[in-house]
Amino acid sequence: MTVSAPKPSIIDTQRHQMFPVLEPPEIERVRRFGVVRSYGAGEALAKVGEVGDGLTIILAGKVDVTQHDESGRRAPIVTHGPGAFMGELAQLAGRRALVDAHALEPVEALVIPPDRLRALLIADAELGERIMRALILRRVGLLEAGAGGPVIVGRADSGDVLRLEGFLARNGHPRQRLNPETDAEAKALIERFHVDPGQLPIVLCPGGQLLRNPSETELARCIGLVGPIDPDRVYDVAVVGAGPAGLATAVYAASEGLSVLVLDCRAFGGQAGASARIENYLGFPTGITGMALMARAYNQAQKFGVEMAIPDEVNGLQALDDPDERNFVLKLSNDERVSARSVVIASGARYRRLEVEDLESFEASSVHYWASPLEGKLCAGQEVALVGAGNSAGQAAVYLASRAAQVWLLVRGPDLEASMSRYLVERIAGLSNVKVVTQAQVSGLEGRDGMLEAIRCRQGASGQEVRRPIRHLFLFIGAEPNTDWLSGSGVALDGKGFVLTGGDAASDRRPLETSRRGVFAIGDVRSGSVKRVAAAVGEGAQVVATLHAFFASTDRKPAVRAKP
Ligand SMILES: Cc1cc2nc3c(=O)[nH]c(=O)nc-3n(C[C@H](O)[C@H](O)[C@H](O)COP(=O)(O)OP(=O)(O)OC[C@H]3O[C@@H](n4cnc5c(N)ncnc54)[C@H](O)[C@@H]3O)c2cc1C
């Protein structure tokens, strides 16, 4: 029997870039950004679940960095000596630490707090690039190991486990999962906290708190992913939506000195984050996964000091300008409020649901609107059905074909050519385990306890009903604009609910400006926009020029930020 060697971890393959050592002259270059602190032997420099001091460059002494595995045991990651620095992406936004760090001996270190770290990354491009790369790779390493994140106890195929795992994965946050039926640690946790099987999944947060089947917002607050918004702060720009359009606005606006808050009710990346492989985005000849592209944009925005409120749902824009009210006010579903001198609507679109009986009861576990590695793992080696004929359906079919035994691609029309790009049609034609069924319509779902067991489908000119044993159904059938939250705000919409801009909104509006002055709309949510990542990013860049023109024409001047 041949035993394959374990896959090398990122620490093995990219140790050099992950843990660079700064030369003394380089440390001198960055000294002005930090303060020197001393730590006694055994003292903690960072603790999992607590907000750390920032990026810490070791000047003298040694520091041990460790992570917790799913049973709470400590495992070493690295020992830092002089010239090395401690920190990962959490330090960029002043979030809670995902690892522990202890001084092995008396230590002297240069501590650079998050705002000064961001200033350093911008001021010193060469060093900034090395540090930024190390921070990103360290996060990738933690994601790979699942270290430092919450521990979810529940079955992999439970709808609530999928919901929580999907939420953390889409927000690039490490996590671990224990199976309550097979893991001794899971059984111990269930006994220790007297958890009934009906209360699963439970989540153990790094700070020690136990949550019973929490909502995404409860989980995000517990692990420090999102915090309260300062009610007295007035942002230059509040961006609703962290898809490609919103993130592009954030990067361009913040890099030009505007203060920016981005809000998203779910995760960064929007629909683009759901794309298994984007092949038509300029500059990526071999394609890139939507998550990888969007994670880069998200980190880039944070480097420029953009504040993120994710998950935070905006459920209203205060009604038409009150003459006494100088700023726009966004109302959030948790009753918080955000004040801003301008608003950019980048809330995109959401997937249409299928009109078939009982859909809702299967949505948690068996009906999916994303085809990411999480879903890929769930349907490995099985037969799956996918409804849709656009490019997103085509990409998902290609991706699922690499995991599932058989993919039934159910198309309402007579062929794929009318709605899907040629390269995808050809790729699908070359996959032996993808079967395209035209003139097909799902007519019924069968299953128990939220788990799908079969679908019924009318197909062909005769409309004959066929039953297939399918446990996972993927729906990619077009999108509707996310504009419910604008009701009563005075922002004009077209007949389908998309936001009108420029001359379509009012005669004297700037490009991308809505019927309300100072409120702009970009990306998929905008009436007449091209529904593509590149178009969304382009509008995100373009709107910043329009914002400057707006500020110049009103007395709502942006607050000027100090240069690093
Ligand atoms: C599976 C899939 C594959 C695709 N593949 C490609 C491709 O290969 N190439 C290509 O060019 N295009 C592709 N697209 C299309 C592309 O992803 C979209 O055109 C693009 O994402 C639109 O960007 P956006 O920022 O305007 O909106 P979105 O990406 O829709 O982002 C909007 C964001 O706003 C948030 N939001 C909505 N309402 C609120 C609220 N009330 N409060 C707070 N936040 C809110 C949402 O959670 C979301 O994150 C694909 C789409 C999908 C779904």
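The values are calculated or read from the model by the stated rules, or taken from the named source; none is laboratory data. Only a predicted model underlies this, so the values are computations on that prediction, with no experimental measurement involved. Heads up, the Cβs are rebuilt from the backbone with ideal geometry, glycines too, and the neighbour counts pull from every protein chain shown. Side chains are part of the model used for accessible areas, which takes the heavy atoms of the whole protein and leaves out ligands, DNA and RNA. Shrake-Rupley method; radii C 1.70, N 1.55, O 1.52, S 1.80 Å.
Full-extension gain between Arg130 and Arg337, please, as 0.36 nm times their residue separation minus the C-alpha to C-alpha distance.
70.8 nm
If contacts are Cα pairs under 8 angstrom and at least 6 residues apart, what is the relative contact order of region 486-564 in percent?
In percent, rounded to a whole number, it is 19.
Hey, how many Å between the Cα centroid of region 484-510 and the Cα centroid of region 88-147?
43
Take the Cβ-Cβ distance between Glu28 and Asp196 as r, set R0 to 60 Å, and report the resulting FRET efficiency rounded to the nearest 0.05.
With a Förster radius of 60 Å, E is 0.50.
Take the cross-link list Lys435/Lys496; Lys47/Lys303; Lys496/Lys557; Lys47/Lys331; Lys303/Lys557; Lys331/Lys557 and give me the ones stretching past 28 Å between alpha-carbons.
Where the Cα-Cα span goes over 28 Å, the pairs concerned are Lys435/Lys496; Lys496/Lys557; Lys47/Lys331.
Per-residue HN-Hα couplings for region 277-288, Karplus 6.51 cos²θ - 1.76 cosθ + 1.60 at θ = phi - 60°, whole Hz, x for Gly and Pro?
With the stated coefficients, region 277-288 comes to 7, 8, 10, 10, 8, 3, x, 10, x, 9, x, 8 Hz.
What accessible area, in Å² to the nearest ten, does a 1.4 Å probe give for His368?
Surface open to solvent at His368 totals about 10 Å².
Suppose every Lys and Arg Cβ carries +1 and every Asp and Glu Cβ carries -1, with no other charges. What dipole size does the chain come out with about its Cα centre, to the nearest 20 debye?
Using Cβ point charges on Lys, Arg, Asp and Glu, the chain gives about 940 debye.
As a test question: what accessible area, to the nearest 10 Å², does Lys435 have when a 1.4 Å probe is rolled over all protein chains in place?
Number for this one is 100 Å².
For Arg456 and Asp64, what does the FRET efficiency come to when R0 = 51 Å and r is the distance between their Cβ atoms, rounded to the nearest 0.05?
0.30
Run the dipole for region 359-508 about the Cα centre, Lys and Arg Cβ at +1, Asp and Glu Cβ at -1, nothing else charged, and hand back the magnitude in debye, nearest 20.
Once rounded to the nearest 20, the dipole reads 720 debye.
Could you look at region 438-564 and say what percent of its accessible area is carbon and sulfur, using a 1.4 Å probe and all protein chains?
C and S fraction of accessible area: 50 percent.
Each residue of region 439-449 in turn: what ³J(HN,Hα) in whole Hz from Karplus with 6.51, -1.76, 1.60 and θ = phi - 60°, glycine and Pro shown as x?
Taking θ as phi minus 60°, the curve returns 6, 10, 9, 5, 10, x, 10, 10, x, 9, 6 Hz for region 439-449.
So what is the accessible area of the chain per residue, in Å², with the probe set to 1.4 Å?
Solvent-accessible surface per residue comes out at 45 Å².
Cut-off under 19 Å on the C-alpha distance; same-chain residues fewer than 8 positions from Lys187 excluded. Which aspartates and glutamates are left, in chain and number order?
Within reach: Asp69, Glu70, Asp157, Asp160, Asp196.
Testing the spin-label approximation: label points 7 Å from Cα along Cα→Cβ at Gln382 and Arg448. State their distance in nm.
It works out to 1.6 nm between the two label points.
Quick one: 3J(HN,Hα) in Hz for region 330-339, Karplus 6.51/-1.76/1.60 with θ = phi - 60°, rounded, Gly and Pro as x.
9, 9, 9, 5, 8, 6, 6, 10, 10, 10
Using the Cα centre of the chain as origin and beta-carbon charges of +1 (Lys, Arg) and -1 (Asp, Glu), tell me which of Ser507, Ala41, Phe193 is placed farthest towards the positive end of the dipole.
Ser507
Mind ranking Lys303, Lys47 by accessible surface for me, highest first, 1.4 Å probe?
Ranked list, largest accessible area first: Lys47, Lys303.
Which residue, Tyr235, Gly348, Gly290, has the largest displacement toward the positive end of the dipole of the chain when charges sit on each Cβ (Lys, Arg +1; Asp, Glu -1)?
Gly290
Of the accessible area of region 49-196, with the probe set at 1.4 angstrom, what percent is carbon plus sulfur?
So the carbon and sulfur contribution to the accessible surface is 49 percent.
Check Ile77: other-chain or 5+ apart residues with amide H under 5 Å from its amide H, H built from backbone geometry?
Val65, Thr66, Gln67
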